[in-house]
1. So how compact is the range 2-151: Cα radius of gyration and Dmax in angstrom?
2. So how strong a dipole does the chain carry about its Cα centre when Lys and Arg Cβ are +1 and Asp and Glu Cβ are -1, to the nearest 20 debye?
3. Along the range 67-83, what does the Karplus equation 6.51 cos²θ - 1.76 cosθ + 1.60 (θ = phi - 60°) give for ³J(HN,Hα), rounded to whole Hz, x for Gly and Pro?
4. Which value at 222 nm does the chain reach when only helices count, each DSSP H run of 4 or more adding -39,500 (n - 2.57), with the total divided by all residues and rounded to the nearest 500 deg cm²/dmol?
5. Between Leu127 and Glu70, take the C-beta separation as r, use R0 = 22 Å, and let me know the FRET efficiency to the nearest 0.05.
6. Non-local amide H neighbours of Leu84 (under 5 Å, H modeled in plane, Pro and chain starts lacking H): which ones?
7. For the range 49-108, which GluC sites (Glu not before Pro) are both in a DSSP coil and crowded by at most 11 other Cβ atoms within 10 Å?
8. Specify which residue in the list Ala42, Leu66, Val111 is farthest towards the positive end of the charge dipole of the chain, using unit charges on the beta carbon of Lys, Arg (+1) and Asp, Glu (-1), about the Cα centre.
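Any read-out appearing in this document is the output of simple, stated calculations on the displayed coordinates, not a laboratory observation. Bear in mind that the values here come from a model prediction, so they are computed numbers and not experimental data. Here the Cβ positions follow ideal geometry from the backbone for every residue, glycine too, while neighbour counts run over all protein chains shown.
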Amino acid sequence: MARRLAAVLSMRHVDTDDMVEASAGRKIKDIFASEGEAAFRALEREALKDALLGDGAVVSTGGGALVTAESRAIAKTRGTVVCLTATVETILKRVGRNDERPLLKGSPDDVRARITELLDAREEAYLDAHIVVDTTSKSVDEVISEIRRYIGR
């Protein structure tokens, strides 16, 4: 979605997860396994700061990137923060059985429960975005159109 939005807006696209993996020389799941979530979040925060330097970028992040007030403040002062939401069932269908997501491992029931838990824990941070778009029943084009209306482009 972010890549497509960047193309539509004639902007560059930056993915903080890609930046973390490139700087660490390892996959995110390996960082989680060897150093834990706190170490990953520190790398992610630095990637976010770097991604927001300069002008004209659509920056995509993982779901926990803007949970801390510090990271949200950085993002909100340097750009428009868009939070894409969906129902638990929709998220479950979209992520499937993906071993690359360290926080979503386990059986489908475990993953469903974990998604619910994460959404509940992150709700306040997610609602602090400039715009929140429920993507549950929308196409990529509909979501992009809604974001463009909000930002006036």
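1. Over the range 2-151's Cα set, Rg and Dmax evaluate to 15.3, 43 Å.
2. On the way: 24 positive and 26 negative charges, 90 e Å.
For this selection, approximately 440 debye.
3. Per residue, the Karplus-derived 3J(HN,Hα) values read 6, 7, 4, 4, 5, 5, 4, 4, 5, 5, 7, 9, x, 9, 8, 10, 9 Hz.
4. Numbers: 8 runs with 89 residues, N = 153.
For the chain, the value works out to -17500 deg cm²/dmol.
5. Values: r = 17 Å, r/R0 = 0.79.
That gives a FRET efficiency of 0.80.
6. Under 5 Å from the amide H of Leu84 lie the amide H atoms of Val133, each far enough along the sequence or on another chain.
7. Working: sites: Glu70, Glu89, Glu100; in loops: Glu100.
Sparse-neighbourhood loop GluC sites (Glu not before Pro): Glu100.
8. The listed residue farthest towards the positive side: Leu66.
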